[in-house]
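*Asks:* I have a structure I would like to understand better, so I am pasting it below and will then ask my questions one at a time.
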Amino acid sequence: GAAWSADDMVDGPAVTWNHSLWGKPRAFTMGLEHLSDELARRTGGKFEYNLNYGGLSKPKENLDGIEIGAFEAANFCNFYSPDRTPSAMIFSLPFLPIGDWEVRIKASDAYYQHPAVKKEMAGMNAMIYMAGVLPQYEFLGRGEPPRKLEDWNGKKVRAGGGVADAMSKLGATLMTVPATEVYTLLERGTVDAVSFPYSYAHAAYKVHEVADWFTGNFQPGTADCPTVFNIDAWNALPKQYQDLLMELKWEVYEKQKAAYLAADDVNIPMFQKELTEVRFTEDELAEFRKQIGMPIWQESFVDRYADRLPTQELLDFLLAEAEKARGGS
Amino acid sequence: MTEQSAAGGLSRTDRWLFAIETAFNLIAAFSIFGLMLLGVVQVFSRILLWLDQSMTAAWGFELGLGFSIVGYIDVVEQAIALFAFLGIAYCQKMGGHVRMDLALRGLSRRALWISEATAILLSLFVVAVLVYYGIEHFLRAVESEDSTIDIRLPVWPSKLLVPVAFSLLWLRLLVQFVAFLRLVASPEKEPVAVPTIQTIEEIARHEIDESDESRYRQGG
Amino acid sequence: MVVLAVLIVIGMRVVFATALVGLLGLVAIFYVKPNFDLLRAFEVAGGIAGQTPHSKAVAYPLSVLPMFILIGFLAFYAGITKAVFEAARRWIGWVPGGLAVASVFATAGFAAVSGASTSTAAVFARIAIPEMLKNGYDRRLAAGVVAAGGTLASLIPPSAILVLYAIIVEESVGALLLAGFLPGIFSAIIYALLIVFRAWRNPELGRPIKGFSWSQRFEAIPGTFPILLVMAIIIGGIYFGLATPTEAGALGAFVVFVMAIFRGMKWDSLKDALLETAKLTVMIFSIIWGVLIFVRFLGFAGLPNAFANWIVNLPLDPWMVMILILLAYAVLGMFMDAIGMLLLTLPVVYPAVIKLGPELGFESATEVSIWFGIIVVKMVEICLITPPIGLNCYVVNGVRPDIPLSDIFRGIGPFFIADVLTVAGLVMFPAIITWLPAQM
Ligand code: NA
Ligand code: NA
């Protein structure tokens with residue numbers, strides 16, 4: 001709502017950037033839509049930042065496209081090729097204390113600026129512009145709700161990454177189900193519960209229509225799909241445009257967060273009305289974090305990638321940044 | 001070199017190449033058969049799993065029947081490269097790749113061969129580019145230790161299949177190019193090592209032979 | 001575009017022609033960018049083109065294609081074609097034009113194990129035409145019904161072309177396959193009604209076949225079990241969510257395979273069937289990646305967006321625009337291979353269709369894309385029975401050289417009208433298409 005003055009305008013040469021995305025415009029892309037609009041507005045149309053929904057690359061190959069310079073910007077998800085972007089796999093660990101939006105944004109943004117992370121991305125001619133901050137995952141399921149952690153034993157669940165590691169430690173059977181088939185397979189009882197970023201993705205795949213219950217505060221983990229730039233393209237960009245991009249970054253985070261919260265405002269009351277909400281007590285969750293979470297942090301991140309990254313240092317760094325953000329907010 | 005021995009050399013190379021192409025296509029064929037078996041196992045194990053869990057729910061004991069093949073999708077995806085690429089040279093040899101030959105039917109023999117040779121030359125160029133950058137794509141996967149989502153299979157083997165299969169295709173195209181050049185030089189010669197244009201009637205005839213039940217029942 | 005047309009006309013294989021034009025187009029796009037010289041432009045364009053074959057082929061949903069193709073090849077060994085025609089003859093032969101009507105339903109049944117129109121036409125030209133001619137049926141009708149009935153194979157699952165459509169537009173493969181089922185049946189019923197009406201007005205066309213007892217009718221049923229089983233596996237498996245399309249296809253192929261073994265299929269024939277399956281599979285995959293290199297070029301050129309905006313802003317009624325699009329498909333289909341044509345046009349046309357969707361009265365993008373998929377495939381199939389190519393008619397002529405091509409094309413006439421009616425029906429009552437997948 002602020003009134004912009006002429007001082008907001010940035011002058012410079014005509015530049016066109018292509019950003020490779022996938023799917024349809026949605027909460028996840030609302031921030032980037034804002035970025036594209038603002039760049040055009042504040043450069044008087046000189047910096048044209050095109051969002052391409054799927055026309056330029058397959059999502060899994062967006063990093064290849066960045067590396068060869070096919071486009072200047074893209075998003076990639078850490079779970080697309082785990083061993084290719086080990087540093088980003090930290091966000092798939094279960095029960096990291098980064099559930100709060102402010103904490104999540106500040107800690108992830110700081111994390112991606114860590115020299116070890118930057119070095120890994122530079123190997124692919126890429127630099128991370130900003131975190132993707134996917135919401136925490138939750139489960140929607142059918143049949144008997146898991147009131148206690150033991151109830152997960154024997155349930156057939158769709159989960160990936162750290163969530164999958166955690167669930168298999170709880171005795172659940174992991175199922176591989178393409179997102180598009182989730183609705184049918186849940187309805188027919190082929191799977192008992194499915195995890196998705198909460199709440200918008202569940203709503204997008206209409207999981208609530210066939211589910212009986214949902215977990216409201218389980219927060220078993222998340223994922224991340226950060227925005228990356230091609231380093232050459234970044235270096236070729238005039239200084240004033242670089243500054244503008246960095247300035248706009250925080251607005252982009254805000255817009256994206258607002259889009260997720262708006263989706264929650266619609267979806268969560270709907271879930272609460274139609275489904276049974278399963279909530280775990282703080283004690284249960286703390287116990288779970290200790291019993292299940294921390295061993296997986298060690299196993300799936302610290303040990304697994306120790307030969308490629310200073311993993312312990314990175315984990316400590318992220319936790320410290322999260323703590324700092326919590327204290328500051 | 002006499003014309004006789006040139007034609008002989010051409011058809012010898014053709015036969016050698018065809019042996020390799022057939023071997024590649026057989027691998028593709030059996031990977032399809034394997035995919036079928038894997039799918040059957042996957043469905044049956046899911047049914048067993050369901051039965052077992054229903055029994056557990058009803059009577060409270062577990063038989064431990066059934067399993068879900070973790071990473072089934074990963075395995076299938078990587079295996080696709082086997083049947084998506086390995087048979088490509090075989091298919092070229094057999095004239096199996098789609099094209100439009102309506103306009104070619106009206107040409108004189110020499111014009112026809114010139115047109116064919118030009119098309120093959122351009123194909124040689126584009127396939128060479130794809131081989132080169134296919135290798136780069138493969139090398140990126142090796143360097144970055146790229147892997148699949150669920151069970152973290154390395155993806156480089158399937159990426160390697162592309163330049164391998166396309167290299168064989170390139171050799172096949174080269175043989176066809178030489179063969180067409182020979183025909184451009186002397187259009188009256190008997191075609192060797194090239195697919196000939198089928199009329200619509202011949203295409204129809206091919207479809208009919210394919211679907212001839214009696215041929216199959218006699219076992220080939 | 002013009003260059004691509006020229007290359008295809010001089011007989012270059014579609015896969016190489018599209019890949020080449022796509023590559024050169026990408027080079028041009030990057031060359032005009034600042035900071036790019038020709039070498040760098042070529043590097044990037046080559047990089048994009050070079051990763052496309054692997055990136056586009058290695059996708060789980062595509063793994064269903066070889067399964068469907070395998071079912072088709074093995075079905076010939078399993079000996080189910082005669083059984084299904086015999087059952088249809090005994091059950092439905094009593095109506096006017098009974099044998100022709102039986103042929104329609106037999107082809108519809110066989111469509112459940114065949115993904116390709118031409119081979120279905122070939123099979124029934126051999127089985128059904130002699131039977132009809134023996135009973136004094138009009139030979140134009142006999143040939144026409146077989147050529148037209150063959151096209152049902154592409155609507156009733158399994159269908160390779162519907163799988164491809166689903167993949168290009170990123171819809172659920174299962175949903176598209178289910179969506180084809182009722183329109184396939186609907187098409188068959190329209191064909192049947194047309195035959196009954198014509199034979200009722202003019203009994204000379206084909207007389208009813210009567211005199212089967214109920215026990216004879218029931219005796220004919222077991223022979224059709226294999227088809228019912230495969231149909232139950234594929235449609236049921238997908239509908240009830242018991243299996244992904246690939247898994248359902250694998251199980252279907254396995255059933256037909258076991259049956260073929262029981263009927264004495266030898267190792268050599270199995271090898272032949274597998275080699276042919278592999279050849280057809282690689283051919284389809286090649287068109288996919290070849291065309292998609294070209295489509296990448298279109299994407300970088302921003303054409304799909306521009307086209308969609310242009311279409312939506314046309315000062316025409318949205319239904320008029322839709323009809324023009326369908327007519328364009330009918331014209332293109334006369335000259336081009338169906339699969340290649342869909343791959344080439346959909347990335348540009350589809351976004352426009354989706355934008356038109358709300359104006360056409362559809363509630364969701366999914367509904368529009370499923371509906372459009374079935375309509376487009378039906379249009380493409382119509383081209384299989386119309387001049388100048390009309391491959392199905394040539395197939396029938398090849399099996400029965402005694403029936404001149406001109407007679408077959410004339411025999412097709414009424415079925416062409418039936419198809420136009422079918423398309424009109426599917427446009428007016430889109431629920432025929434969208435109802436079944438919505439129940440999933
Ligand atoms: Na079919
Ligand atoms: Na056609």
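*Asks:* List, please: which pairs have Cβ atoms under 8 Å, are six or more places apart or on different chains, and start with a residue in the range C:397-409 that is under 14 Å from C:GLY150 (Cβ atoms) and end with one that is assigned to a loop (DSSP other than H, G, I, E, B)?
*Replies:* Once the first residue is under 14 Å from C:GLY150 (Cβ atoms) and sits in the range C:397-409, its partners that are assigned to a loop (DSSP other than H, G, I, E, B) give C:ASN397/C:ILE403; C:ASN397/C:PRO404.
*Asks:* Filter the range C:245-268 for residues that are within 7 Å of another protein chain (Cβ to nearest Cβ), open to solvent by 10 Å² or more (accessible area, probe 1.4 Å) and either of a type in the set (A, V, I, L, M) or over 15 Å from C:PHE73 (Cα atoms) (or both) and give the result.
*Replies:* Answer for the range C:245-268, where residues must be within 7 Å of another protein chain (Cβ to nearest Cβ), open to solvent by 10 Å² or more (accessible area, probe 1.4 Å) and either of a type in the set (A, V, I, L, M) or over 15 Å from C:PHE73 (Cα atoms) (or both): just C:LEU251.
*Asks:* Note down all Cβ pairs under 9 Å where the first residue falls in the range C:30-44 and is open to solvent by 40 Å² or more (accessible area, probe 1.4 Å), the second is of a type in the set (Asp, Glu), and they're at least six residues apart or on different chains.
*Replies:* C:TYR31/C:ASP37; C:ASN35/A:ASP232
*Asks:* Could you tell me whether any residue of the range C:84-93 is within 30 Å of A:ILE66 (Cα to Cα) and among the basic types (Lys, Arg)? Spell out how you get there, then give the answer.
*Replies:* Pass one, the range C:84-93, residues within 30 Å of A:ILE66 (Cα to Cα): none.
Within the range C:84-93, none of the residues are within 30 Å of A:ILE66 (Cα to Cα) and among the basic types (Lys, Arg).
*Asks:* Okay, moving on. Have a look at C:ILE288, C:ILE370, C:ILE284 and point out the one that is within 14 Å of another protein chain (Cβ to nearest Cβ), in contact with a helix residue (DSSP H, G or I) (Cβ under 9 Å, 6 or more places away or on another chain), within 16 Å of ligand 1 (Cβ to nearest atom) and in contact (Cβ under 8 Å) with a residue 12 or more places away in the chain. Spell out how you get there, then give the answer.
*Replies:* Numbers: C:ILE288 fails: within 16 Å of ligand 1 (Cβ to nearest atom); C:ILE370 fails: within 16 Å of ligand 1 (Cβ to nearest atom).
So the residue among C:ILE288, C:ILE370, C:ILE284 that is within 14 Å of another protein chain (Cβ to nearest Cβ), in contact with a helix residue (DSSP H, G or I) (Cβ under 9 Å, 6 or more places away or on another chain), within 16 Å of ligand 1 (Cβ to nearest atom) and in contact (Cβ under 8 Å) with a residue 12 or more places away in the chain is C:ILE284.
*Asks:* Only one residue in C:VAL58, C:VAL95 is over 26 Å from C:VAL123 (Cα atoms) and either more than 9 Å from every other protein chain (Cβ to nearest Cβ) or within 24 Å of the chain's Cα centre (by Cα) (or both). Which one?
*Replies:* One residue alone meets the criteria, C:VAL58.
*Asks:* Mind listing whichever residues of the range A:143-186 are under 20 Å from the mean Cα position of the chain (by Cα), open to solvent by less than 30 Å² (accessible area, probe 1.4 Å) and more than 14 Å from chain C (Cβ to nearest Cβ)?
*Replies:* A:ALA159, A:GLY162, A:VAL163, A:ALA164, A:ALA166, A:MET167
To keep it simple, each residue is scored yes or no on (1) outside any loop (DSSP other than H, G, I, E, B); (2) at pLDDT 90 or above; (3) under 22 Å from the mean Cα position of the chain (by Cα).
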residue	(1), (2), (3)
B:GLY39	yes, yes, yes
B:LEU48	yes, no, no
B:GLN78	yes, yes, yes
B:ARG99	no, no, yes
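*Asks:* Here's a follow-up. Exactly one of these conditions fails for A:PHE139: (1) out of contact with any Ser or Thr (no Cβ under 6 Å at 6 or more places or on another chain); (2) crowded, with 23+ Cβ neighbours inside 10 Å; (3) among the aromatic types (Phe, Trp, Tyr). Give me its number.
*Replies:* Going through the list (1) out of contact with any Ser or Thr (no Cβ under 6 Å at 6 or more places or on another chain); (2) crowded, with 23+ Cβ neighbours inside 10 Å; (3) among the aromatic types (Phe, Trp, Tyr), A:PHE139 breaks only (1).
*Asks:* Would you confirm, using the coordinates I've provided, whether C:LYS33 is of a type outside the set (Asp, Glu), closer than 25 Å to C:ALA188 by Cα and either out of contact with any helix residue (DSSP H, G or I) (no Cβ under 6 Å at 6 or more places or on another chain) or modelled with pLDDT under 90 (or both)? Before you say what the answer is, go through the steps one by one.
*Replies:* Numbers: of a type outside the set (Asp, Glu): yes; closer than 25 Å to C:ALA188 by Cα: no; either out of contact with any helix residue (DSSP H, G or I) (no Cβ under 6 Å at 6 or more places or on another chain) or modelled with pLDDT under 90 (or both): yes.
Taking the combined requirement at face value, the residue does not satisfy it.
*Asks:* Another question, if that's okay. Mind checking which residues of the range A:270-307 are of a type in the set (S, T, N, Q) and closer than 28 Å to A:ALA204 by Cα? Steps first, answer last, please.
*Replies:* Our first condition is that a residue be of a type in the set (S, T, N, Q); within the range A:270-307, this holds for A:272, A:276, A:281, A:291, A:298, A:300.
The answer is A:GLN272, A:THR276.
*Asks:* Considering only residues of the range C:150-176 that are within 12 Å of ligand 1 (Cβ to nearest atom) and more than 19 Å from C:PHE285 (Cβ to Cβ), which is farthest from the other protein chains (Cβ to nearest Cβ)? Lay out the reasoning, then the answer.
*Replies:* Just the residues of the range C:150-176 that are within 12 Å of ligand 1 (Cβ to nearest atom), to begin with: C:150-163.
With the extra rule that they be more than 19 Å from C:PHE285 (Cβ to Cβ), the set shrinks to C:150-153, C:155-157.
Details: C:GLY150: 10, C:THR151: 14, C:LEU152: 15, C:ALA153: 11, C:LEU155: 19, C:ILE156: 17, C:PRO157: 16 Å.
Per the criteria, the residue is C:LEU155.
*Asks:* Let me ask you something else. Spot the failing condition for C:MET379; the list is (1) within 12 Å of another protein chain (Cβ to nearest Cβ); (2) within 16 Å of ligand 2 (Cβ to nearest atom), and only one is missed.
*Replies:* Every listed condition holds for C:MET379 apart from (1).
*Asks:* Now for a separate question. Within the range C:385-417, how many residues are within 16 Å of ligand 1 (Cβ to nearest atom) and open to solvent by 40 Å² or more (accessible area, probe 1.4 Å)?
*Replies:* 0
*Asks:* Checking A:ALA3 against (1) part of a loop (DSSP other than H, G, I, E, B); (2) modelled with pLDDT of 90 or more; (3) not acidic (Asp, Glu): exactly one of these is not met. Which one?
*Replies:* Result: A:ALA3 fails condition (2) only.
*Asks:* While we're looking at this one, here's another question. Checking C:ARG217 against (1) at the interface with chain B (Cβ under 8 Å from one of its Cβ atoms); (2) in contact (Cβ under 8 Å) with a residue 60 or more places away in the chain; (3) charged (D, E, K, R): exactly one of these is not met. Which one?
*Replies:* (1)
*Asks:* If you don't mind, another one. For the subset of the range C:337-363 comprising residues that are away from every other protein chain (no Cβ under 14 Å) and not hydrophobic (A, V, I, L, M, F, W, C), which member is least open to solvent (accessible area, probe 1.4 Å)?
*Replies:* Among those residues, the one meeting the criterion is C:THR345.
*Asks:* How many of the residues in the range A:149-174 are at pLDDT below 85, more than 14 Å from A:PRO197 (Cα to Cα) and not in a helix (DSSP H, G or I)?
*Replies:* 1
*Asks:* Right, next: Can you tell me which of (1) over 13 Å from the mean Cα position of the chain (by Cα); (2) over 30 Å from B:GLU77 (Cα atoms) is the one A:ILE66 doesn't meet?
*Replies:* With (1) over 13 Å from the mean Cα position of the chain (by Cα); (2) over 30 Å from B:GLU77 (Cα atoms) applied to A:ILE66, the lone miss is (2).
*Asks:* Can I ask one more? Please go through the range A:94-124 and pick out each residue that is of a type in the set (Phe, Trp, Tyr) and outside any helix (DSSP H, G or I).
*Replies:* Our first condition is that a residue be of a type in the set (Phe, Trp, Tyr); within the range A:94-124, this holds for A:95, A:101, A:111-112.
If the condition is that a residue be of a type in the set (Phe, Trp, Tyr) and outside any helix (DSSP H, G or I), then A:PHE95 is the only one that fits.
*Asks:* Please specify each residue of the range B:129-143 satisfying the condition of being in contact with a helix residue (DSSP H, G or I) (Cβ under 8 Å, 6 or more places away or on another chain) and more than 10 Å from chain C (Cβ to nearest Cβ). Write out each step before concluding.
*Replies:* Within the range B:129-143, the first condition is being in contact with a helix residue (DSSP H, G or I) (Cβ under 8 Å, 6 or more places away or on another chain), and the residues that meet it are B:129-138, B:140-142.
If the condition is that a residue be in contact with a helix residue (DSSP H, G or I) (Cβ under 8 Å, 6 or more places away or on another chain) and more than 10 Å from chain C (Cβ to nearest Cβ), then B:VAL142 is the only one that fits.
*Asks:* Looking at the range C:288-336 only, could you name the residues that are within 16 Å of ligand 2 (Cβ to nearest atom) and open to solvent by 60 Å² or more (accessible area, probe 1.4 Å)?
*Replies:* C:LEU327, C:VAL331, C:LEU332, C:MET334, C:PHE335
*Asks:* Also, quick follow-up: Hey, can you tell me all the residues within the range C:144-168 that are within 21 Å of C:ILE189 (Cβ to Cβ) and assigned to a helix (DSSP H, G or I)?
*Replies:* Hits for the range C:144-168 are C:GLY144, C:VAL145, C:VAL146, C:ALA147, C:ALA148, C:GLY149, C:GLY150, C:THR151, C:LEU152, C:ALA153, C:SER154, C:LEU162.
*Asks:* What number of residues in the range C:235-244 are outside any loop (DSSP other than H, G, I, E, B) and either among the small types (Gly, Ala, Ser) or at pLDDT 90 or above (or both)? Give the derivation first.
*Replies:* Start the filter on the range C:235-244 by keeping residues that are outside any loop (DSSP other than H, G, I, E, B), which leaves C:235-239.
Keeping just the survivors that are either among the small types (Gly, Ala, Ser) or at pLDDT 90 or above (or both) gives C:236-237.
Counting residues in the range C:235-244 that are outside any loop (DSSP other than H, G, I, E, B) and either among the small types (Gly, Ala, Ser) or at pLDDT 90 or above (or both) gives 2.
*Asks:* Is it true that C:THR107 is more than 16 Å from ligand 2 (Cβ to nearest atom), under 19 Å from the mean Cα position of the chain (by Cα), of a type in the set (Ser, Thr, Tyr) and under 30 Å from C:PHE262 (Cα atoms)?
*Replies:* Yes.
The values are calculated or read from the model by the stated rules, or taken from the named source; none is laboratory data. Keep in mind it's a predicted model, so treat the numbers as computed, not measured. Quick reminder, even Gly has a Cβ in these numbers, built from the backbone with ideal geometry, and neighbours come from all protein chains shown. Ligands, DNA and RNA are stripped out before the accessible areas are found, and what is left, the full protein with its side chains, is counted by its heavy atoms. Shrake-Rupley method; radii C 1.70, N 1.55, O 1.52, S 1.80 Å.
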